[in-house]
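A quick write-up on the structure given underneath.
The values are calculated or read from the model by the stated rules, or taken from the named source; none is laboratory data. Bear in mind that the values here come from a model prediction, so they are computed numbers and not experimental data. Don't worry about glycine lacking a Cβ; one is built from the backbone with ideal geometry, like all the others, and counts go over all protein chains shown. All accessible areas refer to the heavy atoms of the entire protein, side chains included, with ligands and DNA or RNA removed. Shrake-Rupley method; radii C 1.70, N 1.55, O 1.52, S 1.80 Å.
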Amino acid sequence: VSGSAGHLLALINDVLDLSKIEAGQLQLADEPFDLASSIGKVVRIVRPAAEEKNLMIETEISPEPIWMRGDSRRMEQVLLNLLSNAVKFTVRGGVRVVCTLEGDHARIRVIDTGIGIRQEDLLKLFRPFTQLETGLTRQYEGTGLGLSIAKKLVAMMGGELHVESEYGRGSTFSVVVPVRGGDV
């Protein structure tokens, strides 16, 4: 019952987020935050699920501090979705999170050794309520909202979300967002 209630609450929150974004009613906070701390927080949340599957989670974060102005909670929501998906769709190997500062942008890559995505399916990934695996034999749970919301949130932050994948070998999701204000 508890698991079902949690799943239902997550679904409701995703639908509300998507509705607010589509209606132009979602407001992002504009406050300073440390991107490395946000990444660390999300990795700590996802690590137990990875360990349960005997997967490694590694981080490689720029040694220079990456202070941003923006909405840390929404950035963490994006990262949580990407990391959770990476763990969900990886059977062996692991997940790496790489964060680098590239001029006035931060690039965060979530790299997995998972099942990968067929090239013809890449365009479907970011559509709301769309899942690549459907039917009664479906192996992976989900609503098909997470990546759609993540892409829209990243766009609202002035950034981009990209994916590269090789079927059967893994995927890399890259978030590139502007780092605003050196005097945060």
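Below is a table of values for the structure above.
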{"quantity": "Segment 131-164, subset touching a Ser or Thr at 6+ places or on another chain (Cβ under 9 Å) and modelled with pLDDT of 95 or more, residue farthest from ILE39 (Cα to Cα)", "calculated": "GLU164"}
{"quantity": "Checking GLY116 against (1) touching a Phe, Trp or Tyr at 6+ places or on another chain (Cβ under 7 Å); (2) farther than 15 Å from ARG169 by Cβ; (3) surrounded by fewer than 21 Cβ atoms within 10 Å (Cβ to Cβ); (4) not basic (Lys, Arg), the condition it does not meet", "calculated": "(2)"}
{"quantity": "Pairs, first over 16 Å from GLY146 (Cβ atoms) in segment 107-125, second open to solvent by 70 Å² or more (accessible area, probe 1.4 Å) and aliphatic (A, V, I, L, M), C-beta under 9 Å, six or more apart", "calculated": "THR113/VAL91; ILE115/VAL91; ARG118/LEU132"}
{"quantity": "Every residue from segment 79-101 that is touching a residue at least 40 places away in the same chain (Cβ under 8 Å) and closer than 17 Å to GLU64 by Cα", "calculated": "VAL97, CYS99, LEU101"}
{"quantity": "Single match in ASP104, ASP183 (criterion: modelled with pLDDT under 85 and more than 20 Å from LYS88 (Cβ to Cβ))", "calculated": "ASP183"}
{"quantity": "Segment 26-37: number of residues that are part of a strand (DSSP E or B) and either loosely packed, with under 14 Cβ neighbours inside 10 Å or without any contact (Cβ under 8 Å) to a residue 40 or more places away in the chain (or both)", "calculated": "3"}
{"quantity": "Residues being part of a helix (DSSP H, G or I), crowded, with 17+ Cβ neighbours inside 10 Å and not basic (Lys, Arg) - total across segment 38-85", "calculated": "18"}
